[in-house]
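One structure below.
The values are calculated or read from the model by the stated rules, or taken from the named source; none is laboratory data. Note that the structure is a prediction, hence the values are computed from the model and not measured. As a convention, Cβ positions derive from the backbone with ideal geometry for all residues, glycine included, and neighbour counts pool all protein chains shown.
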Amino acid sequence: MVKFPTKLEELLPPQAVSKVLDLLSQPTLTNAVRETLQKVGIKDSNPVGQVQDAWRQARGWFESVIDRVMEQNQASPAAINATGQLFHPRCTSLPADSIAVQALVASAISFQDQAQLEQFATHQAAQTVGAPAAIFVSSATAALVLLTRCDAFSGGVVIARTDVLRIPGSADIRGILEAGSHPFVDVGAVNGATDEEWRQAISSDRQTLLRISPNSLEMKEALSQYTAALAHARDRRAAVVDVLFDATLDEELSPLGFPMLNRALASGADLVIAPLDGLLGAPSGALIAGREDLVRAMHTTATANGALLQGPLLAAAATIFGRDDRSDGPPRPRSSITQMVLANIENLKDRARRLAVQLHDTPRIATAEAIARQARLGPSPWHRYSLPSHAVAVTPRDQSAEDLARDLASGKTGAAVWVSIEEGRALIDLRFVEPADDHKIVETLTGQRP
């Protein structure tokens, strides 16, 4: 998702260098430079020649660095996600935004004042989310562990049984709560909790209502359950904490049901926790924002447990909350994830047709057919989100679809490609495949460059 320059000319165009050389070649300027340098003890100055030498040295150094980086990239476990699932079980995080990666790199190669960086990042986040206070910790799991250790929540956690689940690649909610220092009560059954069950479970202002999104319910049922729980929490003046694994700051994703992080506190939560390496586009970390006394208590516990996000990762996180959403300012740019989620369906259809033609009746593939499908964004609890998509359904010649899928995922015959299996065929879904990667899929399956 992030494009880095691979040639020095992409950073400094040759035309610019030529203009500098032309300028230095002017006799008047060349003589003036030479005379000035001689006055300070530097003799035999040749400005044009020195610039040319410097350009050649810089170009050679840059290309040697890029070669090493490309070699490392080829050896890395990067893969093409052609499953149609954004939250595939193999993924530990989603691709980061280029702006966050650039901030991470810039911070990593320079000295940073941690206190100033933390102050800047937390201010940016609190302002964006509309919170009195905010902090950053290393992960959503770390944030939940802190909640189970923080004295501010010692009265215990009340949580719906539908929310006590394992979110692949993110967190094991039950495991975290069971290992914590504070008691917890799970309410209702796997299909939801009743109003009476919430009334009985939330009985004290020292308790904390913990809500996880997404949970195992469908979207409408989850909202109904949360509304009932919130009403009883407010009656008892219990704290309310929302953990939003599906939080976004992209308004364009809101119609699909993804909760807007900058509206979470206005919806009734006292504290909101959101992983940054999901839809928000940072490489790592989690945000904790909300009521000042609760954030302060969490900060104390996080400091004692070494859980605060620091250094380059914090610098990257700050950029996610630094985009201007004011009506009189520039619009918030689409994140790379948003661009894939909102990819033009007709473009996906055309790409699938082209791939099917290239793969059909080849030595490894007997048939390849372009199909339309509805793709869920991941296994439970991500099943509530689905998008229309287009895929290529392939039938292998001399092996099963399952064996083909394992071979493709291994990367032994080319780029590592993750696919799904349906009705005995391997599906290559293009929803989360960059167009530039289409040829890699063809090369991997056919051994030929399209």
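Once the stretch 128-159 is narrowed to residues that are within 22 Å of the chain's Cα centre (by Cα) and in a strand (DSSP E or B), the residue that is surrounded by the most Cβ atoms within 10 Å (Cβ to Cβ) is PHE136. Among the conditions (1) buried (at least 18 other Cβ atoms within 10 Å of the Cβ); (2) modelled with pLDDT under 95, the only one that SER203 does not satisfy is (1).
Here's the yes/no breakdown for (1) assigned to a helix (DSSP H, G or I); (2) at pLDDT below 90; (3) farther than 30 Å from SER204 by Cβ:
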position: ALA54; (1), (2), (3): yes, yes, yes
position: ASP67; (1), (2), (3): yes, yes, yes
position: PRO77; (1), (2), (3): no, yes, yes
position: SER93; (1), (2), (3): no, yes, yes
position: LEU104; (1), (2), (3): yes, no, yes
position: GLN116; (1), (2), (3): yes, no, yes
position: ALA125; (1), (2), (3): yes, no, yes
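If you go through the stretch 269-287 one residue at a time, do you hit one that is polar (S, T, N, Q), touching a Gly at 6+ places or on another chain (Cβ under 9 Å) and in the same structural domain as ARG174 (by TED's automatic domain parsing)? No, the stretch 269-287 contains no residue that is polar (S, T, N, Q), touching a Gly at 6+ places or on another chain (Cβ under 9 Å) and in the same structural domain as ARG174 (by TED's automatic domain parsing). Is the stretch 288-299 home to any residue that is part of a loop (DSSP other than H, G, I, E, B) and surrounded by 24 or more Cβ atoms within 10 Å (Cβ to Cβ)? Checked against the condition, which is being part of a loop (DSSP other than H, G, I, E, B) and surrounded by 24 or more Cβ atoms within 10 Å (Cβ to Cβ), the stretch 288-299 yields no hits at all.
Is it the case that ARG237 is at pLDDT 95 or above, surrounded by fewer than 23 Cβ atoms within 10 Å (Cβ to Cβ) and either within 29 Å of SER138 (Cα to Cα) or more than 28 Å from the chain's Cα centre (by Cα) (or both)? So ARG237 passes the test. Within the stretch 160-183, being surrounded by 19 or more Cβ atoms within 10 Å (Cβ to Cβ), more than 12 Å from GLN225 (Cβ to Cβ) and touching an Asp or Glu at 6+ places or on another chain (Cβ under 8 Å) holds for VAL164, ILE173. Answer yes or no as to whether ALA416 is aliphatic (A, V, I, L, M) and modelled with pLDDT under 95. Yes. The set of residues in the stretch 409-444 that are in a loop (DSSP other than H, G, I, E, B), touching a helix residue (DSSP H, G or I) at 6+ places or on another chain (Cβ under 7 Å) and closer than 14 Å to ALA79 by Cα comprises THR413, GLY414, ALA415, ALA416, VAL419, LEU430, PHE432.
When the stretch 221-255 is filtered for residues that are among the hydroxyl-bearing types (Ser, Thr, Tyr) and more than 27 Å from ASP293 (Cα to Cα), the ones remaining, listed by number, are SER224, SER254.
Across the stretch 109-127, the number of residues qualifying as surrounded by fewer than 19 Cβ atoms within 10 Å (Cβ to Cβ) and within 19 Å of the chain's Cα centre (by Cα) comes to 1. Here THR446 passes the criteria (1) over 22 Å from LEU342 (Cα atoms); (2) among the polar types (S, T, N, Q); (3) out of contact with any Lys or Arg (no Cβ under 8 Å at 6 or more places or on another chain) except the one numbered (3). Scanning the stretch 344-362 finds no residues that are assigned to a strand (DSSP E or B), in contact (Cβ under 8 Å) with a residue 24 or more places away in the chain and either within 12 Å of ASP429 (Cβ to Cβ) or of a type outside the set (Val, Ile, Thr) (or both). Among residues of the stretch 266-286 being modelled with pLDDT under 95 and either more than 19 Å from the chain's Cα centre (by Cα) or polar (S, T, N, Q) (or both), the one that is surrounded by the most Cβ atoms within 10 Å (Cβ to Cβ) is SER284. Only residues that are closer than 24 Å to ALA343 by Cβ and either buried (at least 20 other Cβ atoms within 10 Å of the Cβ) or of a type in the set (Gly, Ala, Ser) (or both) were counted across the stretch 214-234, and they come to 1. Here THR319 does not qualify as part of a helix (DSSP H, G or I), surrounded by 16 or more Cβ atoms within 10 Å (Cβ to Cβ) and more than 14 Å from the chain's Cα centre (by Cα). Condition check: in contact with a Lys or Arg (Cβ under 7 Å, 6 or more places away or on another chain), closer than 30 Å to LEU253 by Cα and hydrophobic (A, V, I, L, M, F, W, C). Does ALA426 satisfy that? Against the criterion (in contact with a Lys or Arg (Cβ under 7 Å, 6 or more places away or on another chain), closer than 30 Å to LEU253 by Cα and hydrophobic (A, V, I, L, M, F, W, C)), ALA426 does not qualify.
Taking every residue in the stretch 269-284 that is among the β-branched types (Val, Ile, Thr) and pairing it with any residue that is in a loop (DSSP other than H, G, I, E, B), at least 6 positions away or on another chain, the pairs with Cβ-Cβ distances below 6 Å are VAL272/ALA264.
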